[in-house]
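Presented below is the structure to which this report refers.
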Amino acid sequence: MKGSIFMDHHILMKNVWKKFGEITALRDANLMVKRNTIHAIVGENSAGKSTLVRILAGIERMDKGEIWISGRKVKIRSARDSLKLGIGMVHQHLALIEDFTVAENLFAVGMDDPLNIVTKRRLRQNATKIMERFQMNLNPDSKVSSLSLGEKQKVEILRVLKDEPKIIILDEPTSLLNDMEAEDILRMLKSLKMEGKTVIFISHRLDEVMKVADEITVMRNGRTIGPFDKSRMSEEELFRLMFGEERTEFEVKYDESKTGEKILEIKNLRYDQKGRVLLEDVSFTLRRGEILGILGFSESGVDLFMEILFGLRIPSGGRIIFKGEDITFKDIMDRRELGIGFVPADRRRVGSCLDCSIWENVVVNVRKSPKISGCFFLNTNKIMEYTTKVLRICGIATMDPDLPAKSLSGGSLQRLIIAREILGDPDLLIFQEPSWGLDMLSLQLLKDEMLRMKNEGKSVIVSSKDYDEFVDVVDRFLIFHKGKISSEFLNDGRIDKARIVEAMVGKVEKMRG
Amino acid sequence: MRRGKEFLRTLGIICLSLIFAIVVISIVSEDPISSLKAFFLGPFTNLYFFGNMLTLSIPLMFTGLGFSAGFVSGYFNLGLEGQVYFSSLVATILGLQLGENNPYLFILILPVLSFVVGGSVSMISGMLKIKHGISEVISSFLIGIILIHLANSLIEGPLLDENSPISATPYLPKDLSFPNFEAFGNLHLGILFAFCSILIMDVVLRRSVLGYEMKLVGKNELFSRYGGVKVERILMISAFLSGGFAGMAGTVDILGIHHRMVRGFSYGYGWNGIAVALISRNRPLFIIPASIFFAFLEVGSQMASIFGDMTPELSKMIQAVVFYLVTAEGIFRFFKGRRR
């Protein structure tokens, strides 16, 4: 009986555990993939999907567990081991050399015969051969920089295919692509299966999964459920498996009568990059005393929107009105002076200066206020007093303010940034993924701070990829999908999580009323 | 701790270069003992030599300060040499044309004028960097070279003093020169100008909002932008200060020593200024000992050639060693910082 399980499956990962520091990424995860099938792994962000396949590809090493390939127990210590076992992985992020041609990208790196002279003709021949074999029409001589994202993704896949792997892993191959390009890639997966290959692919677009997968493994908090036969599953059932069924009752209920005047108005905001529309038709208003939650996955445009709102990027169209003033093209100093604060997601490069001292990081937003300086000169005593106060709030009162910020731990740094922005006393505070690195207590304190601001008639915008992180304080959710606001939920205390997630993955079109 | 380490590294570089000097002198000299003695002790044997050493350090203080003022914000000014030379020519021309009537006023006006000229030249590179993304490393260097040739052609052409045996302009009006501290050789008022500039810059960098913003831009541009610093403006200010101090270097030298523009008088001030700035690690006060050290190498070598059997080129060799060591390290630090 046991023998047959091992023989039947091309790949078998059993009881896999993986920890990154304090975080457990995989808890007793299992993966069973039948030969010559397309196997999808689905789950919300940070459920452990990538970690699982990265272990298979030899990029990460598991702490505990077994891997069996074709009925043989194997040890995968490096990417090379994995390649020898016939496993090839296409990574989530494109890693092509933009200035090289398609042929050069395919073959110039890792030529098997180093003594052979690389000629353009030979490269082209090899490239044409492999493209014919997998029925892909790309010009081997065109520069990668001139290709569309879909074509780049194809080159990336070809690069893996040229080693003739028996097992092909694709980590979110369609997440950057538009529908047509994604369609193309999915067709390719099917033809790979026809070739007799085993395909594993990760996605959070359930519609794609339903289209091409034979079997599906669902991941949630590092655990696996499944595999399920696709033909016996409905999309709704999958949703429920991915996100759980519970409906939550919340304490905080949206009460429009408690909100004040309009503080922020976004009109038809739009952002293009190299001819691609990344953000479109974004319009909403925010009132004083409101906490607005913005949800969306990484390519949904949420992060772009937050950066535009604070002035780190200039929009291609539309208007941002703050306190009745058009701030669309105002620079960040003006925005800060008008009363906007920002906790960015990139805390190590944008939110802080790691090479600067702690006090230099703390005073950045108050450097011109009388708290810290005369009009021109800094007041050292006041700086030290202020910094000590901030450090005390962050629970690291013993730190020397003269030390560089990189001596702080990730969590302390994040608390420092949040404390700094709150103490700047803005009327609108924008948080981008603020929970990173915060423990439960700090997160609760942050929520209390948000509620305090709300009660004082100030406003908060908080973005998150985890839909339920701030559900107990947020008044209203906006959900971004593919660069647009796909829906809006008032927090009436009875939000159905599944509905929010459906909107995040684009299941629900236009629910705004 | 970190500062201690940096200090040790600087000390190491200085020691290495001095060891290099000892080795070279020992190998080349017929009478190494007296050459070494002249090299190391010569500059301190009497006030005259000591004064000349201090005099020689004055332009280095300015160019060092100039490079530093740009470097703190990540503005890498390689055009110091041209800025020194060209601004002193402009100052000289103005001094020749208008200085006759109000010489004492012009003693003050000319350094300020050359500050503005040098700063403006440097701001061209700053503008190219901000508007068109052209690296200031290249543009400032090239503009500097153009200006040097332009200035030379003026000195050799319309401004040449026909009666002079060397390529130089006519002398400035007699009273248009810095008073001289007689006992100390050539030492002149310029050293006070240098001290004041360094002191002001030190206070600005350590104690002012502007200095804070300059350092922030140098260390992390993204964070500065996020913090509301007007990065472009700060870069322009840095570029201006950088070229400005360089511009003063030459004029102060002319007002103090040459009293006219002599072709090639400033050769090397710019480059040695970079080394001085890197040794002092962007702390203006340390520029004083660093430039005196460089001047010491120069004067020491002269001593060794007068009282021993060395050639004055010795100083160039040692300075080159220091230059290689500190720039290698400095550039490494600069680009490492920039990548973040």
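For segment A:177-190, does any single residue satisfy the condition of being touching a helix residue (DSSP H, G or I) at 6+ places or on another chain (Cβ under 8 Å), part of a loop (DSSP other than H, G, I, E, B), of a type outside the set (A, V, I, L, M, F, W, C) and without any contact (Cβ under 8 Å) to a residue 12 or more places away in the chain?
First pass over segment A:177-190, keeping only residues touching a helix residue (DSSP H, G or I) at 6+ places or on another chain (Cβ under 8 Å): A:177-178, A:180-182, A:184-186, A:188-190.
Among the residues that remain, those that are also part of a loop (DSSP other than H, G, I, E, B) are: A:177-178.
Imposing the further condition that a residue be of a type outside the set (A, V, I, L, M, F, W, C) reduces the set to A:178.
From what's left, without any contact (Cβ under 8 Å) to a residue 12 or more places away in the chain: none.
Checked segment A:177-190: no residue is touching a helix residue (DSSP H, G or I) at 6+ places or on another chain (Cβ under 8 Å), part of a loop (DSSP other than H, G, I, E, B), of a type outside the set (A, V, I, L, M, F, W, C) and without any contact (Cβ under 8 Å) to a residue 12 or more places away in the chain.
Filter segment A:23-47 down to the residues that are farther than 24 Å from A:S298 by Cα and in a loop (DSSP other than H, G, I, E, B) and list them by number. First the steps, then the outcome.
To start, the set of residues in segment A:23-47 that are farther than 24 Å from A:S298 by Cα comprises A:27-38.
Within segment A:23-47, A:R35, A:N36, A:T37 qualify.
Taking the conditions exactly as written (more than 14 Å from chain A (Cβ to nearest Cβ) and modelled with pLDDT of 90 or more), does B:L160 satisfy them or not?
Answer is no for this residue.
Anything in segment A:64-101 that is in a strand (DSSP E or B) and under 16 Å from A:M13 (Cα atoms)? List them, or say none. Walk me through it before giving the result.
The first filter runs over segment A:64-101 and keeps only residues in a strand (DSSP E or B), leaving A:64-69, A:72-74, A:87-90, A:101.
Across segment A:64-101, the qualifying residues are A:K64, A:G65, A:E66, A:I67, A:W68, A:I69, A:R72, A:K73, A:V74, A:I87.
Among the residues that make up segment A:398-410, is at least one of them over 28 Å from the mean Cα position of the chain (by Cα), more than 8 Å from chain B (Cβ to nearest Cβ) and modelled with pLDDT under 85?
Yes; the residues of segment A:398-410 include at least one that is over 28 Å from the mean Cα position of the chain (by Cα), more than 8 Å from chain B (Cβ to nearest Cβ) and modelled with pLDDT under 85.
Please go through segment A:203-226 and pick out each residue that is in a loop (DSSP other than H, G, I, E, B) and within 24 Å of A:K190 (Cβ to Cβ).
The initial filter retains those residues of segment A:203-226 that are in a loop (DSSP other than H, G, I, E, B), namely A:203-205, A:213-214, A:221-222.
Selection gives A:S203, A:H204, A:R205, A:A213, A:D214.
Using beta carbons and a limit of 6 Å, which pairs, at least six apart or on different chains, have the first residue in segment A:295-311 and outside the structural domain of A:Q92 (by TED's automatic domain parsing) and more than 14 Å from A:S175 (Cβ to Cβ) and the second one in a helix (DSSP H, G or I) and aliphatic (A, V, I, L, M)?
A:L295/A:M504; A:G311/A:I332
Considering each residue of segment B:3-45, count those that are outside any helix (DSSP H, G or I) and within 14 Å of B:G300 (Cβ to Cβ), and give that number.
Filtering segment B:3-45 for residues outside any helix (DSSP H, G or I) gives B:29-31, B:45.
Applying the additional criterion that residues be within 14 Å of B:G300 (Cβ to Cβ) yields B:29, B:45.
The number of residues fulfilling the criteria is 2.
Just one of the numbered conditions (1) touching a strand residue (DSSP E or B) at 6+ places or on another chain (Cβ under 7 Å); (2) more than 14 Å from chain A (Cβ to nearest Cβ) is not true of B:S208; which one?
(2)
In segment A:173-214, which residue that is surrounded by fewer than 20 Cβ atoms within 10 Å (Cβ to Cβ) and acidic (D, E) is modelled with the highest pLDDT?
Among those residues, the one meeting the criterion is A:D214.
If A:P315 meets every condition in (1) at pLDDT 90 or above; (2) at the interface with chain B (Cβ under 8 Å from one of its Cβ atoms); (3) part of a loop (DSSP other than H, G, I, E, B) apart from one, which number is that one?
Unmet for A:P315, out of (1) at pLDDT 90 or above; (2) at the interface with chain B (Cβ under 8 Å from one of its Cβ atoms); (3) part of a loop (DSSP other than H, G, I, E, B): (2).
Against the condition at pLDDT 90 or above, of a type in the set (V, I, T), in contact with a helix residue (DSSP H, G or I) (Cβ under 7 Å, 6 or more places away or on another chain) and farther than 20 Å from A:S487 by Cα, how does A:I321 come out, does it pass? Write out each step before concluding.
Working: at pLDDT 90 or above: yes; of a type in the set (V, I, T): yes; in contact with a helix residue (DSSP H, G or I) (Cβ under 7 Å, 6 or more places away or on another chain): no; farther than 20 Å from A:S487 by Cα: yes.
Spelling it out, it is not the case that A:I321 is at pLDDT 90 or above, of a type in the set (V, I, T), in contact with a helix residue (DSSP H, G or I) (Cβ under 7 Å, 6 or more places away or on another chain) and farther than 20 Å from A:S487 by Cα.
Give the residue that is modelled with the highest pLDDT, with candidates limited to residues of segment A:227-266 that are in a loop (DSSP other than H, G, I, E, B) and hydrophobic (A, V, I, L, M, F, W, C). First the steps, then the outcome.
In the first step, residues of segment A:227-266 are kept if they are in a loop (DSSP other than H, G, I, E, B); the result is A:233-234, A:244-255, A:259-261.
In the following step, the residues that additionally are hydrophobic (A, V, I, L, M, F, W, C) were identified as A:233, A:250, A:252.
Details: A:M233: 80, A:F250: 47, A:V252: 52.
Only one residue fits best here, namely A:M233.
Of (1) over 26 Å from A:E325 (Cβ atoms); (2) within 11 Å of chain B (Cβ to nearest Cβ), A:V366 satisfies all except one. Which?
Just one mismatch for A:V366, condition (1).
One line per residue, one yes/no per condition, for (1) at pLDDT 90 or above; (2) among the polar types (S, T, N, Q); (3) touching a strand residue (DSSP E or B) at 6+ places or on another chain (Cβ under 9 Å):
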position: B:P165; (1), (2), (3): no, no, no
position: B:E182; (1), (2), (3): no, no, no
position: B:L187; (1), (2), (3): no, no, yes
position: B:Y212; (1), (2), (3): yes, no, yes
position: B:L216; (1), (2), (3): yes, no, no
position: B:A239; (1), (2), (3): yes, no, no
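Could you count how many residues in segment A:362-393 are under 18 Å from B:R207 (Cβ atoms) and assigned to a helix (DSSP H, G or I)?
We begin by selecting, within segment A:362-393, every residue under 18 Å from B:R207 (Cβ atoms); these are A:362-364, A:366-387.
Those still in the list that are assigned to a helix (DSSP H, G or I) too: A:362, A:380-387.
Residues in segment A:362-393 being under 18 Å from B:R207 (Cβ atoms) and assigned to a helix (DSSP H, G or I): 9 in total.
Hey, among B:S266, B:S242, B:S238, which residue is more than 30 Å from B:G99 (Cα to Cα), among the small types (G, A, S), more than 14 Å from chain A (Cβ to nearest Cβ) and touching a Gly at 6+ places or on another chain (Cβ under 8 Å)? Before you say what the answer is, go through the steps one by one.
Working: B:S266 fails: more than 30 Å from B:G99 (Cα to Cα); B:S242 fails: more than 30 Å from B:G99 (Cα to Cα).
Unique residue meeting the criteria: B:S238.
Which residue out of A:I320, A:I340 is in contact (Cβ under 8 Å) with a residue 40 or more places away in the chain, more than 12 Å from chain B (Cβ to nearest Cβ), among the hydrophobic types (A, V, I, L, M, F, W, C) and closer than 23 Å to A:E433 by Cα?
Numbers: A:I340 fails: more than 12 Å from chain B (Cβ to nearest Cβ).
After ruling out the rest, the residue left standing is A:I320.
Name the residues in segment A:323-337 that are of a type in the set (A, V, I, L, M, F, W, C) and facing another protein chain (nearest Cβ under 10 Å), would you?
Let us first name the residues in segment A:323-337 that are of a type in the set (A, V, I, L, M, F, W, C), namely A:327, A:329, A:332-333.
Residues satisfying the conditions are A:I332, A:M333.
Considering only segment B:139-184, how many residues are assigned to a loop (DSSP other than H, G, I, E, B) and closer than 29 Å to B:N52 by Cβ?
Narrowing segment B:139-184 to residues assigned to a loop (DSSP other than H, G, I, E, B): B:157-167, B:169-179, B:181.
With closer than 29 Å to B:N52 by Cβ added as a condition, the list becomes B:159-161, B:163-167, B:169-179, B:181.
Residues flagged as assigned to a loop (DSSP other than H, G, I, E, B) and closer than 29 Å to B:N52 by Cβ within segment B:139-184 amount to 20.
Within segment A:260-275, is even one residue without any contact (Cβ under 8 Å) to a residue 12 or more places away in the chain, more than 14 Å from chain B (Cβ to nearest Cβ) and not polar (S, T, N, Q)?
Start the filter on segment A:260-275 by keeping residues that are without any contact (Cβ under 8 Å) to a residue 12 or more places away in the chain, which leaves A:273-275.
Retained after the next criterion (residues that are more than 14 Å from chain B (Cβ to nearest Cβ)): A:273-275.
Checking which are not polar (S, T, N, Q) leaves us with A:274-275.
Yes, segment A:260-275 contains a residue that is without any contact (Cβ under 8 Å) to a residue 12 or more places away in the chain, more than 14 Å from chain B (Cβ to nearest Cβ) and not polar (S, T, N, Q).
Identify all residues within segment B:185-200 that are under 13 Å from B:I257 (Cβ atoms) and outside any loop (DSSP other than H, G, I, E, B); write none if there are none. If you could, list the steps in order and put the result at the bottom.
Let us first name the residues in segment B:185-200 that are under 13 Å from B:I257 (Cβ atoms), namely B:185-191.
Once the filter is applied, which keeps residues that are under 13 Å from B:I257 (Cβ atoms) and outside any loop (DSSP other than H, G, I, E, B), segment B:185-200 yields B:H188, B:G190, B:I191.
Of all the residues that make up segment A:378-397, how many are surrounded by 15 or more Cβ atoms within 10 Å (Cβ to Cβ) and within 13 Å of chain B (Cβ to nearest Cβ)?
4
How many residues does segment B:99-108 hold that are in a helix (DSSP H, G or I) and either touching a Cys at 6+ places or on another chain (Cβ under 8 Å) or surrounded by fewer than 17 Cβ atoms within 10 Å (Cβ to Cβ) (or both)? Can you show your working first?
Quick first cut of segment B:99-108, residues in a helix (DSSP H, G or I) only: B:103-108.
Cutting the leftovers down to either touching a Cys at 6+ places or on another chain (Cβ under 8 Å) or surrounded by fewer than 17 Cβ atoms within 10 Å (Cβ to Cβ) (or both) gives us B:103-105, B:108.
Residues in segment B:99-108 being in a helix (DSSP H, G or I) and either touching a Cys at 6+ places or on another chain (Cβ under 8 Å) or surrounded by fewer than 17 Cβ atoms within 10 Å (Cβ to Cβ) (or both): 4 in total.
Counting only residues that are surrounded by fewer than 22 Cβ atoms within 10 Å (Cβ to Cβ) and in contact with a strand residue (DSSP E or B) (Cβ under 8 Å, 6 or more places away or on another chain), which one in segment A:33-45 is modelled with the lowest pLDDT?
Initially, segment A:33-45 is screened for residues surrounded by fewer than 22 Cβ atoms within 10 Å (Cβ to Cβ), giving A:34-37, A:44-45.
From what is left, the residues that are in contact with a strand residue (DSSP E or B) (Cβ under 8 Å, 6 or more places away or on another chain) are A:34-37, A:44.
Working: A:K34: 90, A:R35: 89, A:N36: 89, A:T37: 92, A:E44: 70.
Selected residue: A:E44.
The values are calculated or read from the model by the stated rules, or taken from the named source; none is laboratory data. Just so it is clear, the structure is predicted and the values come from calculations on it, not from any experiment. Ideal geometry is used to build each Cβ from the backbone, glycine not excepted, and the neighbour counts take in all protein chains shown.
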